[in-house]
1. In nm, to one decimal, how far is the LEU198 label point from the GLU154 one, both placed 7 Å along Cα→Cβ?
2. On the Cα set of the stretch 330-379, report Rg and Dmax in Å, please.
3. Keeping the other protein chains in place, figure out the carbon and sulfur percent of the accessible area of the stretch 280-379, with a 1.4 Å probe.
4. What whole number of Å gives the distance from the Cα centroid of the stretch 212-249 to the Cα centroid of the stretch 127-168?
5. Measure off 7 Å from each Cα along the Cα-to-Cβ vector at ALA370 and ALA233, then give the distance between these two points in nanometres to one decimal.
Amino acid sequence: MFGQTTTTTPPPTERGLEDLDAAALAYAARIAGLPPERRGEAREDLVRFALPFAGRLARRYRGRGEPLEDLEQVARLGLVNAVDRYDPERGSFTAYAAITIVGEIKRHFRDRTWGVHVPRRLRDLILEVGQATSALTSELSRAPSVAELAARLETPEEEILAALESAAGYSPASLNAPVGGESSAEFGDLVGESDNALESVDDRVTVSGLLHRLPWRERRILAMRFYGNQTQAEIAARFGISQMHVSRLLSRALTWLRQAMLADTPPPWQNGTAEAETGRNRIALKRTSERTVVEVGGEIDRDGADQLRRMMLEAVAGQPRELVVDLDAARGVDAGGIAALVAGRDAAVRTGVPLRLTRVQPAVRRSLAAAGLPVTVDA
């Protein structure tokens, strides 16, 4: 209709960089006086018209480790923001859109492309360090030192070092990358792992010391159960006791260890009322006209080994017709007790006194046999 002027966006065939400002002015005139809900079509036309311009800006940043498709999406987001914020009175739409789109792309590189999280302050400093490094390299014809970078940026050297170290987090190496050469090893194989056993070192040392406070039999049962993976039935057969008795011994030993671990001073070991009254080991010397008997009871460990050695040597010195070591009440003999028995045997051999070890429990019998000590099976 004559006398009526209609402003439209140029058709796609006429698109060009020089047309962006005209298209933006046409868009501003088209939406003037329209309510917000009716501006969508005109907005979409301008965005569609300017998409090639956004694509050209995005392609400037390809080859920097980011897919071109992602950069184009970021550029289009910047274009939409430029269209929404455009004000014809502030100047050229082309210049404003370029600044907005490039800003979005740079913000994407700054915030979204780091391999590890780096604080915003450090990311900005890394950019400044990079620019200062290029400038100083050109001026000095060599790579600048940390002190020179700190002086140029008026920043403490510690922060410069932190920025240089953090820059490696932009594109970290893959742990699955090969080490090189003919080796099939990967970088991940060279990275140390947390040693959870280190956390239990104190407990292990403490338990080791507490185990030495237990009687020989309880120590042996704990070792057979938790290190030898033997069942309670197998342990019971080895010691010649019932499985229920083994269960009680294990429970008593573990309860004592838990209490000792939590206490500043380990509680005294109590192994039943009778033994609490008589002590952990009992060694007695009885003489008759026919023989001398050394009665051994309880657990013969390093605490009772010296007493057993002295008593056997004293018995041998009396030149009896026979020396009998009665082990009926002995529930366990450790290395110290074995050494005391061997010392008594050697003294008996030198003086010609017959020595007999009698009424030996099965658990003790095997230890004595391993040491080459004579064992009599009589009752």
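1. 4.3
2. My reading of the Cα-based Rg and Dmax gives 10.7, 30 Å.
3. The computed percentage sits at 50.
4. Here the two parts' Cα centres lie 69 Å apart.
5. For the pair ALA370/ALA233, the computed spacing is 2.5 nm.
The values are calculated or read from the model by the stated rules, or taken from the named source; none is laboratory data. Being a predicted model, the structure only gives us computed values, none of them experimental. Every residue, glycine among them, receives a Cβ derived from its backbone with ideal geometry; neighbour counts consider all protein chains shown. The protein model used for the area step is the full one, side chains on, heavy atoms only, and it has no ligands, DNA or RNA in it. Shrake-Rupley method; radii C 1.70, N 1.55, O 1.52, S 1.80 Å.
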